[in-house]
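See below for the structure under consideration.
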Amino acid sequence: AVDLPGMTGTDSSVTNGCHSLDAEKPLLGTSDRMEYSQSAILYEVQSDTLMYAWNPDARMSPASLVKIMTALLALEKGNLNDFVTVTPGAIQGIPEDAMSVELVAGEVMTLDQLMYCLLVASANDAAAVIAEHIAGRQAAFVEMMNQRAAELGCTGTNFVNPHGLSAADQYTTARDMAKILKEALNQEQFMTYFGTATYTLSATNKYSERNFTTTNYMMLNNKADYDYRVTGGRTGANSSTDRVFAATAQRNGLMYMTVILGADSDYEEDDYSIKTNGSFYDTRQLLDMGFDGYTVTEVLHAGQAIAQYPVINGQNAVVAGVDQSCTTVLPQGIAAEDLTWRYASDNIQLNAPVKLGQQLTYIQVWYGSVCVGQS
């Protein structure tokens with residue numbers, strides 16, 4: 001054990017380590033840029049471990065990743081069984097060439113159906129209709145979006161509309177978008193939509209049956225970009241050289257989130273068809289980094305005995321232990337001797353009486369130069 005003078009109650013596994021999306025020192029570092037992306041994050045959800053970050057706080061256009069916040073608010077504020085009527089005002093102003101499911105005024109469907117339109121088809125008209133349904137008008141919904149982002153600790157985000165079509169002063173960061181996606185994952189129904197590759201919208205009072213397929217090709221096994229680890233995602237593009245992508249992936253007990261902003265792509269010689277989609281390519285590289293050779297490890301467990309201390313004027317010594325478990329991601333095969341335990345203070349004097357649950361000190365677990373846990 002190494003004494004750590006001056007350490008306070010602040011969770012240094014966050015400030016000096018890899019835990020939480022606000023961590024300053026991701027486990028895999030921040031020094032190597034991905035090939036195509038201007039900003040990227042890899043985060044393990046279950047252990048709250050920030051694995052990798054490159055330029056995570058740069059403000060960039062979110063494009064259709066805005067729809068993740070729209071979905072979050074719809075799930076928090078709405079009733080999926082509600083019937084929603086499309087108003088002329090809701091769909092007014094959606095460009096004809098924008099992604100849509102061609103909703104028409106007077107058309108009626110459930111909020112549940114609109115959510116599939118939003119996250120599978122990336123329908124901008126569905127986003128507008130959802131916003132109006134939840135808040136009464138889109139401007140009020142945008143206020144809700146920005147308020148919710150602030151509540152989640154997003155300091156580099158400003159929303160202007162509910163769908164992500166290009167607008168002045170609409171921006172986010174990879175870190176902020178990861179926080180929004182993380183919160184959305186807490187909604188039980190979210191992955192139902194986020195992880196659906198194809199969807200059939202039943203005939204409505206205004207339209208015949210419609211079929212949609214996701215633009216997240218990493219979920220389509222008939223596409224070259226298919227990756228069996230990917231469980232969900234939402235793509236977006238501001239231009240051919242500015243693509244965004246947020247995804248979830250799961251394998252061998254690990255559950256990852258990725259966020260890519262500002263990704264370029266390689267094109268065929270005709271300069272029309274995509275040779276390499278940079279957002280998919282970099283996402284695959286991130287997942288390779290996170291899955292290959294890593295596992296979730298419990299580095300501290302609740303009730304674990306750490307040390308024994310004498311008690312002045314007491315009849316017995318006190319055994320100090322860990323009050324809560326802490327897990328992190330580590331390379332497979334890491335042994336206890338590969339980790340370092342550091343204490344806030346080794347010079348502890350106890351006077352009787354000592355109360356059960358009394359906090360004596362803090363303990364950290366370090367792997368190399370990264371703090372991977374604290375209790």
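The values are calculated or read from the model by the stated rules, or taken from the named source; none is laboratory data. Just so it is clear, the model here is predicted, and its values are computed rather than measured. Positions of Cβ are generated from backbone atoms using ideal geometry, with glycine treated the same way; all protein chains shown enter the neighbour counts. Accessible surface areas use protein heavy atoms only, side chains included; no ligands, DNA or RNA. Shrake-Rupley method; radii C 1.70, N 1.55, O 1.52, S 1.80 Å.
The table for this structure:
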item	result
Of all residues making up segment 218-234, the number that are surrounded by fewer than 24 Cβ atoms within 10 Å (Cβ to Cβ) and either free of Cβ contacts under 8 Å to residues at least 60 places away in the same chain or within 19 Å of Thr173 (Cβ to Cβ) (or both)	10
Residues located in segment 244-259, provided they are among the small types (Gly, Ala, Ser) and surrounded by 18 or more Cβ atoms within 10 Å (Cβ to Cβ)	Ala246, Ala247, Ala249
Answer residue from segment 40-65, given it is within 14 Å of the chain's Cα centre (by Cα) and of a type in the set (Gly, Ala, Ser) and is farthest from Thr173 (Cα to Cα) among those	Ser47
Residue ID - surrounded by the fewest Cβ atoms within 10 Å (Cβ to Cβ), chosen from residues in segment 206-217 that are over 18 Å from Ser279 (Cβ atoms) and of a type in the set (Phe, Trp, Tyr)	Tyr207
Output for segment 260-273, where each listed residue is modelled with pLDDT under 70 and either assigned to a strand (DSSP E or B) or crowded, with 20+ Cβ neighbours inside 10 Å (or both)	Tyr267
Selection status of Glu132, at pLDDT 95 or above, touching a helix residue (DSSP H, G or I) at 6+ places or on another chain (Cβ under 8 Å) and more than 29 Å from Ala40 (Cα to Cα)	yes
Residue satisfying all of: in segment 39-53; in a loop (DSSP other than H, G, I, E, B) and not acidic (Asp, Glu); most open to solvent (accessible area, probe 1.4 Å) among these	Gln46
Search result, residues across segment 76-120 that are among the aliphatic types (A, V, I, L, M) and within 28 Å of Glu151 (Cβ to Cβ)	Leu80, Val84, Ala90, Leu111, Leu114, Met115, Leu118, Leu119, Val120
Output for segment 20-38, where each listed residue is at pLDDT below 90 and either on the phi > 0 side of the Ramachandran plot or assigned to a strand (DSSP E or B) (or both)	Gly29
Residue tally, condition touching a Lys or Arg at 6+ places or on another chain (Cβ under 8 Å) and buried (at least 18 other Cβ atoms within 10 Å of the Cβ), over segment 184-205	2
Hits in segment 99-131 - residues which are charged (D, E, K, R) and buried (at least 21 other Cβ atoms within 10 Å of the Cβ)	Asp125
Residue selected from segment 74-87 under the condition over 15 Å from Ala131 (Cβ atoms) and without any contact (Cβ under 8 Å) to a residue 60 or more places away in the chain, by the criterion surrounded by the fewest Cβ atoms within 10 Å (Cβ to Cβ)	Asn81
Selected residue (criterion: nearest to Val86 (Cα to Cα)) from residues of segment 132-159 that are under 20 Å from the mean Cα position of the chain (by Cα), of a type in the set (A, V, I, L, M, F, W, C) and open to solvent by 40 Å² or more (accessible area, probe 1.4 Å)	Met144
Criterion: of a type in the set (Gly, Ala, Ser) and within 30 Å of Leu220 (Cα to Cα) - qualifying residue of Ala139, Ala98	Ala98
Qualifying residue in segment 55-68 (condition: closer than 19 Å to Leu286 by Cα and assigned to a helix (DSSP H, G or I))	yes
Sole exception among (1) surrounded by 19 or more Cβ atoms within 10 Å (Cβ to Cβ); (2) under 23 Å from Leu339 (Cβ atoms) for Gly29, by number	(1)
